[in-house]
1. Give, as a single signed number, the net charge of other residues whose beta carbon lies under 9 Å from the beta carbon of Arg113, with Lys and Arg counted +1 and Asp and Glu -1.
2. Taking every eigenvalue of the Cα gyration tensor of the chain, multiplying by 5 and rooting it, what semi-axes result, largest first, whole Å?
3. Against the longest alpha carbon principal axis of the chain, how many degrees, from 0 to 90 and to the nearest 10, is the axis of helix 62-71 turned?
4. Per residue of the stretch 180-194, in order, report the coupling 6.51 cos²θ - 1.76 cosθ + 1.60 (Karplus, θ = phi - 60°) as ³J(HN,Hα) in whole Hz, putting x for Gly and Pro.
5. So if I take the alpha carbon set of the stretch 1-126, get Rg, then get Rh from the Kirkwood formula, what is the Rg over Rh ratio?
6. Counting pairs of Cα atoms in the stretch 68-215, how many percent are more than 18 Å apart?
7. Give, as a single signed number, the net charge of other residues whose beta carbon lies under 10 Å from the beta carbon of Asn18, with Lys and Arg counted +1 and Asp and Glu -1.
8. Could you line up Ile104, Ile217 from fewest to most neighbouring Cβ atoms inside 10 Å?
Amino acid sequence: MHKHKISAALITFNEEQNIARTLEKLVWCDEIVVIDSYSSDDTVEICKSYGAKVFQKEFNGYGEQKSFLVSKCSYDWVLSIDADEVLTNELIDEIKTEFSKEKIPYKAYFINRKHVYLGKVFEYGYLKNTPILRLFNKNNAGFSDKKVHETVEYKGAKGRFKNFFYHYTANSVEQINLKKNRYASLVSEEYFKRQKRVNIILLVFKYPFTFFKEYVIRGNMFNGYEGYVWSTYIAEYSVLKYLKLIERRKKLRK
């Protein structure tokens, strides 16, 4: 058994199709804490069936939501997992071994994330094994306040586990488009507040450049059809967030 207690922490909103798969791999933790954004499906009931402590809070950006989540965790060590992510048994065993030590050598740990897109596990390119900071001592680290693409911030030395978890990013093209639109809206809101400038000339070339980078340079051409769809999604998203920013400014001038 691990000597240092761990709080598994996640935010949810209408995740009834994903959440049980995630929670099954978190029951070894000393507690599971969930911040739900008033789901209208069975997400909350499923979480409670796994013994999770469930709190509800209106969503106002990922950074704020996850910082609130950390504040509700009883223990110093927090394992942050999204509702569409699943730990492997090998990773669980590796974490348990590290946390069975008398003294934990680091205050924050990278965990490798393996991309699953439209049901396909990406085995090529940077998405096959992306290190991401997800296990940390909340007295030393915490989430940034970004509305989207929030990160755990810690400036000290960090550990890294060898094993990985799966990230089931999207199951359908419809879900891809919904995510793209939601993330682009949140980012454009941040850009608007920061008074970020838009260079129309550069924007014209942004789509083809981003697609080429994702598909060719980053190796997604080797991930088949799903790699092509992912590269298209990233290219569209890179432009859409700026189009939404322009739209916001036009509305303000009316």
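Computed from the coordinates by the stated procedures, all read-outs in this text should not be read as laboratory data. Quantities reported herein were computed from a predicted structural model and do not represent experimental measurements. Heads up, the Cβs are rebuilt from the backbone with ideal geometry, glycines too, and the neighbour counts pull from every protein chain shown.
1. Once all neighbours under 9 Å are counted, the net charge is +1.
2. So the three semi-axes of the chain are 32, 22, 18 Å.
3. Between helix and principal axis, roughly 10 degrees.
4. 4, 5, 5, 5, 5, 5, 5, 5, 4, 5, 5, 4, 4, 5, 7
5. 0.97
6. 68
7. With Lys, Arg at +1 and Asp, Glu at -1, the neighbours total -4.
8. Lowest to highest Cβ neighbour count: Ile217, Ile104.
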